[in-house]
1. Pick out, from the range 180-267, the helices (runs of 4 or more DSSP H) lying fully within it that include 2 or more residues that are in contact with a helix residue (DSSP H, G or I) (Cβ under 7 Å, 6 or more places away or on another chain) and among the small types (Gly, Ala, Ser).
2. Listed residues VAL98, VAL115, VAL139; which is surrounded by fewer than 18 Cβ atoms within 10 Å (Cβ to Cβ), without any contact (Cβ under 8 Å) to a residue 12 or more places away in the chain, over 24 Å from LEU26 (Cα atoms) and β-branched (Val, Ile, Thr)?
3. Of the residues that make up the range 133-155, is at least one hydrophobic (A, V, I, L, M, F, W, C), in contact with a Pro (Cβ under 8 Å, 6 or more places away or on another chain) and not in a loop (DSSP other than H, G, I, E, B)?
4. Return the total of residues in the range 251-271 being under 15 Å from VAL47 (Cα atoms) and modelled with pLDDT under 90.
5. Which one of these is within 19 Å of the chain's Cα centre (by Cα), surrounded by 19 or more Cβ atoms within 10 Å (Cβ to Cβ), modelled with pLDDT of 90 or more and in a helix (DSSP H, G or I): ILE29, ILE23?
6. From the set of residues in the range 204-226 that are among the aliphatic types (A, V, I, L, M), without any contact (Cβ under 8 Å) to a residue 60 or more places away in the chain and out of contact with any Pro (no Cβ under 9 Å at 6 or more places or on another chain), which is surrounded by the most Cβ atoms within 10 Å (Cβ to Cβ)?
7. Here is a list: VAL247, VAL235, VAL274, VAL207. Which entry is over 17 Å from LYS40 (Cα atoms) and under 23 Å from the mean Cα position of the chain (by Cα)?
8. Given the conditions (1) small (Gly, Ala, Ser); (2) modelled with pLDDT under 85; (3) part of a helix (DSSP H, G or I), which single one is not true for SER55?
Amino acid sequence: MRLLCSNEYVKVDGDRFDVLKFILALFIIGIHTDLSYMLKPIFRLAVPLFFMMTSYFFFLKQDRLDSLEAKKRELKKYCKRILQLYLFWFVLLLPLTVFFNKWYVGAGPGLLVDVLQSFLFGNTFKASWFLMASLLGIVLVWYLSRWFKFGTMIIIGIVLYAFCCLTSNYYHLCEHIPYFAEFFDGYMSVFKRPYHSFPVAFVFVAVGKYLAEHRALISNRNLVWAIIISAVFLVGEFILIQNNHWVNRDDCYFALLPLSIALFMLIGQNHVKVTANAMKLRKYSTIIFCSHYSIALIVLHLLKGVMPQVEVLSFDICNLLVFAITLGVCLVLCRLLLWLETQDHFRWVRYSH
């Protein structure tokens, strides 16, 4: 592997990040199918790394532009692309979304408000929160960085990320703090879950922006040690949280912050030759990310009907079966959508990725 400055490695090639995206998409399926109890905190690396990759490539383009107007146009272009991606999957998965979210119950003005809140700060179709969290995170960091220095941005991001950790993995520890539960309930009534929205994205987007604009370089040796130490802390944090039953939602761990940053930099600073079709893997990862959760719920629903007749299967084997079927369906869907977009009347299918 050849060590490069972080501002140069994309100029060599970004193919390894496309491979990484595909691997992380599998991690996401693993989370939502409960593939492995012990591997779940490692799987949680996927979202921070996705945020940093999204931010890095966006702000790398920004850094190459000279005028503020050109940067604004690129920002609008990014927002349009995310919204098109969101709209494609929202429409395609709408019947499942209505069913899973029970939108057919009590339709009225309250439902419209809930849908709008879910669109901006949560999920409409399953796992959609990442798209709006990325969009809002990019927009917030873009605008705030015009007035605040990087250090201030990082402090804001760490505070927001700590709030996400405290309200997810540490909730039942913090709920005894006066007014904590009341504050969280008030926040949820407006902004939904912070760990499924822009607060969790902010710090990773800010780091991605910094790495895109500065020649930040840390030796491989130091990065490897940072990864090892952070990974040990992550496992310890996971065991501590589980043993004390503090979990509300097991989304955010404090140790994920240094671990994901060190891992991103290590991958970025070292050139790895990729022989796979990286562009196709990038498209696959996006399609899998957007579709997998809804597919997994269908698979789980169908399997529940036959599980009583398959009593010999253990819980872990059942989860592995759900994971394998979900992945198989996602891959078939990827092939289908990529084929359809080559047909004259289905060019719009390209918005799926």
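The values are calculated or read from the model by the stated rules, or taken from the named source; none is laboratory data. Predicted model only: the values in this text are computed from it and were never measured. Cβ sites come from the backbone with ideal geometry, for glycine too, and all protein chains shown count toward neighbours.
1. Numbers: elements: 180-191, 198-213, 220-244.
Counting at least 2 such residues, we get 198-213, 220-244.
2. On the way: VAL115 fails: without any contact (Cβ under 8 Å) to a residue 12 or more places away in the chain; VAL139 fails: without any contact (Cβ under 8 Å) to a residue 12 or more places away in the chain.
Testing whether each residue is surrounded by fewer than 18 Cβ atoms within 10 Å (Cβ to Cβ), without any contact (Cβ under 8 Å) to a residue 12 or more places away in the chain, over 24 Å from LEU26 (Cα atoms) and β-branched (Val, Ile, Thr) leaves just VAL98.
3. Taking the range 133-155 and keeping what is hydrophobic (A, V, I, L, M, F, W, C), we get 133, 135-136, 138-142, 144, 147-148, 150, 153-155.
In the following step, the residues that additionally are in contact with a Pro (Cβ under 8 Å, 6 or more places away or on another chain) were identified as none.
Taking every residue of the range 133-155 in turn, none turns out to be hydrophobic (A, V, I, L, M, F, W, C), in contact with a Pro (Cβ under 8 Å, 6 or more places away or on another chain) and not in a loop (DSSP other than H, G, I, E, B).
4. In the first step, residues of the range 251-271 are kept if they are under 15 Å from VAL47 (Cα atoms); the result is 251-264.
Keeping just the survivors that are modelled with pLDDT under 90 gives none.
Here the count works out to 0.
5. Values: ILE23 fails: surrounded by 19 or more Cβ atoms within 10 Å (Cβ to Cβ).
The conditions single out ILE29.
6. At the first step, the residues of the range 204-226 found to be among the aliphatic types (A, V, I, L, M) are 205-207, 211-212, 216-218, 223-224, 226.
The next check asks that each one be without any contact (Cβ under 8 Å) to a residue 60 or more places away in the chain; those that pass are 218, 223-224, 226.
Okay, now just the ones that are also out of contact with any Pro (no Cβ under 9 Å at 6 or more places or on another chain), so 218, 223-224.
On the way: ILE218: 14, LEU223: 21, VAL224: 13.
Per the stated criteria, the residue is LEU223.
7. Details: VAL247 fails: over 17 Å from LYS40 (Cα atoms); VAL235 fails: over 17 Å from LYS40 (Cα atoms); VAL274 fails: under 23 Å from the mean Cα position of the chain (by Cα).
Residue meeting the stated conditions: VAL207.
8. The single condition SER55 does not satisfy is (2).
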